[in-house]
Amino acid sequence: MPAVPLHLAGHPDIALSADCGSCFALCCSALGFERSADFGHDKPAGRACHNLAADFSCTIHARLRGEGYKGCTVFDCFGAGQHVAQGLFGGRSWTAHPEVRAPMFAAFPVVRQLHEVLWYLDEARRLGRSSPAVPRAAAVAVDSLVTETVELTRLGPSQLAAVDLATLRTRVGGALRDVSAAVRTAAGSRGVPRRLVPGADLLGADLAGQALQGADLRGSYLIAADLAGADLRWVDLLGADLRDARLHGADLSRALFLTPMQVAAAAGDHRTRLPERIDPPAHWRT
């Protein structure tokens, strides 16, 4: 949880950062995962993790990464957990009230995606209001999508099942693309290598110390890439895979559409500059 809880601008009732003490460990119970380098065992959706205690705490929280649960330290619900647990279900836990288990577990993945969408739209709206380069039409489209998505988060559990998330994400993606293009054009991208394009395969690429300002790396594969000391300001990183990327000393202070999950999946240090609303992961300090 960030040192200062984040909320959607203009909507103090909608959190965009997790409060893990208020969600009945929905990420550890409602969601599933497979045994891999990120998770130490298989867990189907709807079954509580065997490391979960009766009070919803994690019995290995202090040593998750060392025991093979790196994925748990990367996950972020963008505030959806407490919204579902405390808002939609009035603070009734799925253990004390078994009748809410199924609808709560079904609602959480939907609301989690809605909150992630709001994370991106919140940034786009801030950019639209701070950058004269963003066309008014693009800013208006973002505002409209914020209003629409906020209303979806207020639906009841039974109504959430009918939400067309795929269509919403497509429309939001288009709006974010328009804002990104305007902001990056204004920032300039002179000298950026031609291979740095959306969806690029940059697995293990050596980009250390390079000036990448204004590049569009949306959806790119930067797994284990060396970005140490690189200038990533105004770089669109929407959906980019930064697992094990080296961000030591890199400047991401104005990177576009970066999330806490992407940062937590990468490696960095005290010299790495991050956007104001993203705190350095705890494991960067160890």
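For A45, state whether it is touching a His at 6+ places or on another chain (Cβ under 6 Å), of a type outside the set (D, E) and either under 21 Å from M261 (Cβ atoms) or without any contact (Cβ under 8 Å) to a residue 24 or more places away in the chain (or both).
Spelling it out, it is not the case that A45 is touching a His at 6+ places or on another chain (Cβ under 6 Å), of a type outside the set (D, E) and either under 21 Å from M261 (Cβ atoms) or without any contact (Cβ under 8 Å) to a residue 24 or more places away in the chain (or both).
Can you name the condition, by its number, that T170 falls short on among (1) at pLDDT 95 or above; (2) exposed (fewer than 15 other Cβ atoms within 10 Å of the Cβ); (3) assigned by TED's automatic domain parsing to the domain that holds R246?
(3)
Got at least one residue in region 46-54 being buried (at least 20 other Cβ atoms within 10 Å of the Cβ), among the aliphatic types (A, V, I, L, M), on the phi < 0 side of the Ramachandran plot and not in a loop (DSSP other than H, G, I, E, B)?
Scanning region 46-54 turns up no residue that is buried (at least 20 other Cβ atoms within 10 Å of the Cβ), among the aliphatic types (A, V, I, L, M), on the phi < 0 side of the Ramachandran plot and not in a loop (DSSP other than H, G, I, E, B).
Within region 61-100, take every residue that is assigned to a helix (DSSP H, G or I) and of a type in the set (A, V, I, L, M) and give me the one that is farthest from A48 (Cα to Cα).
Ranking the candidates gives L88 first.
Name the single residue, out of those in region 1-16 being at pLDDT below 95 and in a loop (DSSP other than H, G, I, E, B), that is farthest from H115 (Cα to Cα).
A3
Would you check if R125 is among the basic types (K, R) and assigned to a loop (DSSP other than H, G, I, E, B)? Please lay out each step first, then the result.
Details: among the basic types (K, R): yes; assigned to a loop (DSSP other than H, G, I, E, B): no.
No: the conditions fail for R125.
Which pairs turn up if I take residues in region 90-116 that are at positive phi and look for partners that are among the polar types (S, T, N, Q) with beta carbon separation below 9 Å, at least 6 apart in sequence or on another chain?
Qualifying pairs under 9 Å: G91/S22.
Out of all the residues in region 213-223, is one or more in a helix (DSSP H, G or I), among the β-branched types (V, I, T) and free of Cβ contacts under 8 Å to residues at least 40 places away in the same chain?
no
Which of (1) over 22 Å from the mean Cα position of the chain (by Cα); (2) surrounded by 14 or more Cβ atoms within 10 Å (Cβ to Cβ); (3) over 26 Å from G90 (Cα atoms) does D42 not meet, given it meets every other one?
(2)
Just to be sure I understand, how many residues within region 1-56 are among the acidic types (D, E) and more than 14 Å from G81 (Cα to Cα)?
Summing the residues that are among the acidic types (D, E) and more than 14 Å from G81 (Cα to Cα) in region 1-56 gives 4.
Matching residues to (1) under 30 Å from A137 (Cα atoms); (2) within 17 Å of the chain's Cα centre (by Cα); (3) surrounded by fewer than 21 Cβ atoms within 10 Å (Cβ to Cβ); (4) touching a residue at least 24 places away in the same chain (Cβ under 8 Å):
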{"residue": "D178", "(1), (2), (3), (4)": "yes, no, yes, yes"}
{"residue": "A182", "(1), (2), (3), (4)": "yes, no, yes, yes"}
{"residue": "P193", "(1), (2), (3), (4)": "no, no, yes, no"}
{"residue": "L232", "(1), (2), (3), (4)": "yes, no, no, no"}
{"residue": "L238", "(1), (2), (3), (4)": "yes, yes, no, yes"}
{"residue": "L242", "(1), (2), (3), (4)": "no, yes, no, yes"}
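Quickly run through region 252-273 and pick out the residues that are surrounded by 21 or more Cβ atoms within 10 Å (Cβ to Cβ) and either without any contact (Cβ under 8 Å) to a residue 40 or more places away in the chain or of a type in the set (S, T, N, Q) (or both).
Residues satisfying the conditions are L252, A255, L258, T259, Q262, V263, A266, G268, T272.
Only one of these is within 18 Å of G32 (Cα to Cα), in contact with a Pro (Cβ under 7 Å, 6 or more places away or on another chain) and assigned to a helix (DSSP H, G or I): P109, P103. Name it.
P103
Looking only at region 222-244, which residues are farther than 17 Å from V192 by Cβ and of a type outside the set (D, E, K, R)? I'd like the intermediate steps shown before the answer.
If we filter region 222-244 for residues that are farther than 17 Å from V192 by Cβ, which is where we start, we get 223-224, 228, 239, 241-244.
If the condition is that a residue be farther than 17 Å from V192 by Cβ and of a type outside the set (D, E, K, R), then I223, A224, A228, G239, L242 are the ones that fit.
Condition test on S158, is it in contact with a helix residue (DSSP H, G or I) (Cβ under 9 Å, 6 or more places away or on another chain), among the hydroxyl-bearing types (S, T, Y), surrounded by fewer than 16 Cβ atoms within 10 Å (Cβ to Cβ) and within 21 Å of A255 (Cβ to Cβ)?
Against the criterion (in contact with a helix residue (DSSP H, G or I) (Cβ under 9 Å, 6 or more places away or on another chain), among the hydroxyl-bearing types (S, T, Y), surrounded by fewer than 16 Cβ atoms within 10 Å (Cβ to Cβ) and within 21 Å of A255 (Cβ to Cβ)), S158 does not qualify.
Of all residues in region 23-38, which are under 19 Å from the mean Cα position of the chain (by Cα), in a loop (DSSP other than H, G, I, E, B) and touching a residue at least 24 places away in the same chain (Cβ under 8 Å)? Steps first, please.
Of region 23-38, the ones under 19 Å from the mean Cα position of the chain (by Cα) are 23, 25-28, 30-33, 38.
Next, only the ones that are in a loop (DSSP other than H, G, I, E, B) stay: 23, 25, 30-32, 38.
Passing the criteria: C23, A25, A30, L31, D38.
The values are calculated or read from the model by the stated rules, or taken from the named source; none is laboratory data. Keep in mind the model is a prediction, meaning the values are calculated, not measured. Don't worry about glycine lacking a Cβ; one is built from the backbone with ideal geometry, like all the others, and counts go over all protein chains shown.
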